[in-house]
Amino acid sequence: MRAPHRYTLFVVALLAGCVQHAPILSAPAAGSIARADSGAVSTCGRAAARPLLTSERIGPLRFDSTARTIRRECAPDSLSYVPTGEPGERTVWYVFHLGKTTLLGTQLGTVIDDAMPISMWHVRGTADLPRGLATDSPFASLRYAFAGARGYVRGDAIEVEFCGLSRIRFRFPAPPEQLKAHANETWISDADLAAAIPPAATSTQLFVNPYWVAPCQQ
């Protein structure tokens with residue numbers, strides 16, 4: 001079993017609704033975010049109702065860009081704070097509204113380092129995917145289009161990544177007996193995923209990390 005870490009605590013906090021939002025201009029002066037150069041809502045690439053999500057970017061935001069570049073090219077709309085599980089400690093997140101999609105980005109710390117990329121993105125709402133699909137497409141369609149899936153049990157869902165969509169993980173609901181059967185597996189194989197996750201299931205959460213590598217690249 002995996003020991004809880006910041007990513008796990010973050011997922012639990014999101015599922016519990018423990019996210020506190022604050023306008024950027026009223027946010028505390030934390031590290032490089034102290035400047036108010038992001039006080040106005042940016043208009044970069046926000047006209048599309050649903051941004052395109054790939055392994056490299058979502059809409060105008062490249063996942064390998066530093067925090068400084070992201071702020072300069074596409075200023076966030078606000079900041080969010082998520083409790084880390086430590087007393088009085090909160091993880092700071094950038095919040096972007098891209099059409100009907102909300103994108104939250106963090107470095108899983110209490111400050112943002114300008115010289116480093118965002119290390120974790122959370123996508124809320126629906127975004128388009130390559131090959132004519134979307135983030136709310138059924139599991140069977142995603143598995144067929146982006147073959148080479150693997151996954152593992154985290155909490156009450158199975159997190160899945162696909163070869164054709166490196167750096168992106170989807171959370172899918174699965175029957176309790178399947179969660180129990182695969183709870184201690186490091187990775188669930190593609191064939192076992194096909195049996196564990198209902199074909200029509202849609203993703204309940206979606207995360208992107210520029211440091212994750214798809215299974216077909218390992």
Handout entry: Hey, LEU129 more than 30 Å from PRO76 (Cβ to Cβ) and either without any contact (Cβ under 8 Å) to a residue 24 or more places away in the chain or crowded, with 17+ Cβ neighbours inside 10 Å (or both) or not
Key = no
Completion exercise
Only unsatisfied item for HIS97, checking (1) in a strand (DSSP E or B); (2) buried (at least 21 other Cβ atoms within 10 Å of the Cβ), is (2)
Exercise for the section: Go over the candidates ILE197, ILE168 one by one and state the one that is of a type outside the set (Ser, Thr, Tyr) and free of Cβ contacts under 8 Å to residues at least 60 places away in the same chain. Expected result: ILE197
Exercise for the section: Scan segment 172-194 for residues that are touching a residue at least 40 places away in the same chain (Cβ under 8 Å) and either buried (at least 19 other Cβ atoms within 10 Å of the Cβ) or outside any helix (DSSP H, G or I) (or both) and report the count. Expected result: 3
Exercise for the section: Answer yes if at least one residue in segment 142-152 is part of a loop (DSSP other than H, G, I, E, B), surrounded by 15 or more Cβ atoms within 10 Å (Cβ to Cβ), modelled with pLDDT of 95 or more and not hydroxyl-bearing (Ser, Thr, Tyr), and no otherwise. Expected result: no
Fill in the blank from the handout: If we keep only residues of segment 61-106 that are aromatic (Phe, Trp, Tyr) and in contact with a Leu (Cβ under 6 Å, 6 or more places away or on another chain), then the residue nearest to ASN209 (Cα to Cα) is TRP93
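The values are calculated or read from the model by the stated rules, or taken from the named source; none is laboratory data. Treat the numbers as computed from the prediction; the structure is a model and nothing was measured. Quick reminder, even Gly has a Cβ in these numbers, built from the backbone with ideal geometry, and neighbours come from all protein chains shown.
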